[in-house]
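Questions regarding the structure given below will be posed in turn.
We did not get these values from a lab; they are worked out from the coordinates using the rules stated. Please read these numbers as outputs of a predicted model, since none were measured by experiment.
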Amino acid sequence: DKNNTDNTIINDIPKITVINNNPIIDHIFTADPAALVHNETVYIYTGHDEQVYATNGFLMKDWHIFSSKNMVDWKDHGAALSLSAFAWAKADAWAGQCVERAGKFYWYVPIAHKTIGWFGIGVAVSDTPTGPFSDAIGAALITDKTPNSIELNIDPTVFVDDDGKAYLYWGGFGHCRMVKLKDNMIELDGDVADVPGLTGFTEAPWLHKRNGIYYLSFASGFPEKISYATSSSPLGPWTYKGVVNDLVKNSPTNHQSIIEFKNQSYFIYHNGGLHSGGEYRRSVCVDSLFYNSDGTMKQVKQTTK
Ligand code: FUB
């Protein structure tokens with residue numbers, strides 16, 4: 001299958017393919033990658049696993065940014081955002097995403113909230129993709145609570161469509177929700193809605209668009225695979241399409257972002273594959289992603305060093 005072969009030329013467009021380079025970051029433990037393409041550069045906004053002991057749960061206090069112009073050489077921009085930027089933060093710098101809108105960069109992050117007792121989603125803003133970032137609101141944008149699901153407000157993904165309308169999806173522990181955002185990116189535009197149709201949804205939604213098709217990928221089951229659904233609208237309804245990434249090495253969580261850069265699609269995720277890595281000591285990986293002619297995604301071939 002020509003489209004599934006690395007280092008080929010497809011439609012006469014030379015492709016950068018990424019093989020045998022994972023994990024791409026090996027000097028710290030990184031997780032929950034959210035990629036942004038801006039000015040011929042790929043930025044990856046990651047969580048930072050600092051847990052020393054395998055059984056103690058997540059220890060995450062800041063987020064890092066890495067950038068590359070060729071998907072092979074990665075520059076570490078350091079801990080560009082930390083819990084201390086949010087006066088309302090208690091703990092848990094979990095999975096976020098940064099998007100650009102009208103020259104500003106909005107970084108949506110879930111954090112255990114100091115006073116409400118469960119997770120909130122906050123927004124940090126900057127004039128550049130690498131910061132400095134500061135709390136855009138001074139409070140959490142999302143603080144919703146539903147019974148039995150105290151950690152629901154995690155894993156935000158934001159998508160700005162070609163017409164400028166913006167959508168926030170988020171969720172964990174089996175429950176995905178969404179809301180439209182106002183043009184200022186820091187206020188909700190309408191009511192929060194449940195998102196049905198995501199078979200096996202656990203957490204980690206990611207919304208992207210290609211050739212007029214909207215894709216909502218998400219972690220499913222536990223240990224997690226990455227499944228996805230498609231729609232002709234960013235509001236759904238969503239039709240389940242299957243698994244795009246199988247279980248990952250040495251980590252029950254599996255958290256993706258999907259981008260296109262220089263005419264090649266990439267699947268960016270984490271595993272626990274680094275030496276002394278594991279459930280709470282994860283590492284970001286990149287592999288090429290290929291689509292079938294009907295718009296469905298081929299399952300990712302995970303590569304290692
Ligand atoms: O990194 C903490 C949590 O683990 C994330 O919010 C989930 O998506 C899972 O990767």
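What shape does segment 115-274 have by the C-alpha gyration tensor, where a ≥ b ≥ c are the square roots of the eigenvalues, rounded means a/c under 1.5, and otherwise prolate means a/b greater than b/c and oblate the rest?
In terms of gyration-tensor shape, rounded.
Anyone know which of VAL248, VAL52, VAL37 comes out most mobile in the 10 Å Cα GNM of the chain?
VAL52
Under 10 Å, Cα contacts only: if you run a Gaussian network model on the chain, which one of THR115, THR202, THR46 comes out with the highest mean-square fluctuation?
Highest fluctuation among the options: THR115.
Could you tell me which of rounded, prolate or oblate describes segment 199-284, using a ≥ b ≥ c as the square roots of the eigenvalues of the alpha-carbon gyration tensor, with rounded for a/c under 1.5 and, failing that, prolate when a/b is larger than b/c and oblate otherwise?
oblate
Name the long-range amide H neighbours of LYS225: under 5 Å, sequence gap of 5 or more, or other chain; modelled H, no Pro or chain starts.
Sorted by chain and number, the residues that satisfy this are SER220.
I need the phi-derived Karplus couplings for segment 175-186: 6.51 cos²θ - 1.76 cosθ + 1.60, θ = phi - 60°, integer Hz, Gly and Pro marked x.
Ordered by residue, 3J(HN,Hα) equals 9, 9, 9, 8, 7, 7, 10, 6, 4, 6, 6, 10 Hz.
Taking 30 Å as the cut-off for C-alpha to C-alpha distance, list the pairs among LYS61/LYS225; LYS69/LYS90; LYS225/LYS305 that go past it.
Listed pairs above 30 Å: LYS69/LYS90.
A further question follows. Enter the Cα centre distance for the pair segment 88-148 and segment 170-244, rounded to the nearest angstrom.
Measuring centre to centre over Cα atoms gives 19 Å.
Amide H neighbours of PHE290 under 5 Å, at least 5 residues apart or on other chains, H built in the peptide plane: list them.
The list, which skips near neighbours in sequence, is LYS298.
Output ³J(HN,Hα) for segment 256-271: one whole-Hz value per residue in order, computed from phi by the Karplus curve 6.51 cos²θ - 1.76 cosθ + 1.60 with θ = phi - 60°, and x for Gly and Pro.
10, 9, 10, 9, 10, 9, 6, 6, 10, 8, 10, 10, 10, 8, 10, 9
GNM, the chain, Cα, under 10 Å: largest mean-square fluctuation among ASP155, ASP183, ASP135?
Its mean-square fluctuation being the largest, the pick is ASP183.
Which shape class, rounded, prolate or oblate, goes with segment 138-202 when its Cα gyration tensor gives a ≥ b ≥ c as root eigenvalues, a/c under 1.5 marks rounded, and past that a/b bigger than b/c marks prolate?
On the way: a/c = 2.31, a/b = 1.40, b/c = 1.65.
Oblate shape, in that a/c is at least 1.5 and b/c is the bigger or equal ratio.
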